[in-house]
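**Student:** Pasting a structure below so you can have a look.
The values are calculated or read from the model by the stated rules, or taken from the named source; none is laboratory data. The model shown is predicted, which means the values in this text are computed figures rather than measured ones. We place every Cβ from the backbone using ideal geometry, glycine too, and count neighbours over all the protein chains shown.
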Amino acid sequence: MHCVTVLPHTFWRLAGNQRSGRDSSGVLAEAHYNLANALRIQGRFQDALEHYAEALKLKPDDIDTLRGFGLTLAELKRFDEAIRRYNRILELEPGNVIAHGLLGLALAGQGKTDEAIEQFWIVLGQRPDDVEMCCNMGILLEQQGKTDEAINQYRRALQINPAYDKARSLLDAALTKQNSQKQKSKGIVGTSCQQTAEDTAGKAEYSSGKFLVTVPNCVVEVYPP
């Protein structure tokens, strides 16, 4: 099933055909799914949920619909419900790397950093050159106070794609924090070292299907896989 943005009149035409018995449940499920995607893109998340739910009534184990449903629930910060959809995908397709990534993001949204990192490692095991996932991993490692490991992830992302500005911004902030920590450990605390780790590296907040990370003088958007 592919994501195709359709206009509402297309959906209702298909729905009308279904009511008259000229169409299959599969086509109607596809129409609900496509309309739900269009509504989600427009930010009409509650409306989108209704159509994902209708699509799942007709095709309860459709991977794409479960994923879209989960994404929309995560947008509304209904992480428990999103996690149930991602886990269902993994029951149907245990190796679904996208579901592992989205599950990690939802767990991170709940503050379950250790569990989220486990999911991110699964993704990187299958997609080692995923620069966005390297950055997501780095963000969570920083939250655990593992600045050195986070820096390795940002450097890895830049090795893969030297032009990836998001990784560069995150790396610069992490190096600044690392330097501050080293100076403090030596008892050298100047005005440039007065910032806390949070001030320097910023906060990671899950929003709109990505992490929003505030670093000095900019906001970095790190998208899920």
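**Student:** Kindly indicate the residue of region 130-178 that is acidic (Asp, Glu) and in a helix (DSSP H, G or I) and also nearest to the chain's Cα centre (by Cα) among those meeting that condition. Quick ask: steps written out before the conclusion?
**Tutor:** Start the filter on region 130-178 by keeping residues that are acidic (Asp, Glu), which leaves 130, 132, 142, 148-149, 165, 172.
From the residues that got through so far, the ones that are in a helix (DSSP H, G or I) too are 132, 142, 148-149, 165, 172.
On the way: GLU132: 10, GLU142: 17, ASP148: 23, GLU149: 21, ASP165: 18, ASP172: 23 Å.
Only one residue tops the list, namely GLU132.
**Student:** On to the next question. Exactly one condition in (1) at pLDDT below 50; (2) closer than 29 Å to VAL97 by Cα; (3) part of a helix (DSSP H, G or I) is false for THR214; which is it?
**Tutor:** Only one criterion in (1) at pLDDT below 50; (2) closer than 29 Å to VAL97 by Cα; (3) part of a helix (DSSP H, G or I) is unmet by THR214, namely (3).
**Student:** Follow-up. Anything in region 112-132 that is over 17 Å from GLU149 (Cα atoms) and among the polar types (S, T, N, Q)? List them, or say none.
**Tutor:** Once the filter is applied, which keeps residues that are over 17 Å from GLU149 (Cα atoms) and among the polar types (S, T, N, Q), region 112-132 yields only GLN126.
**Student:** Let me ask another. Report, by residue number, each residue of region 75-100 that is surrounded by 24 or more Cβ atoms within 10 Å (Cβ to Cβ) and touching a Pro at 6+ places or on another chain (Cβ under 9 Å).
**Tutor:** HIS100
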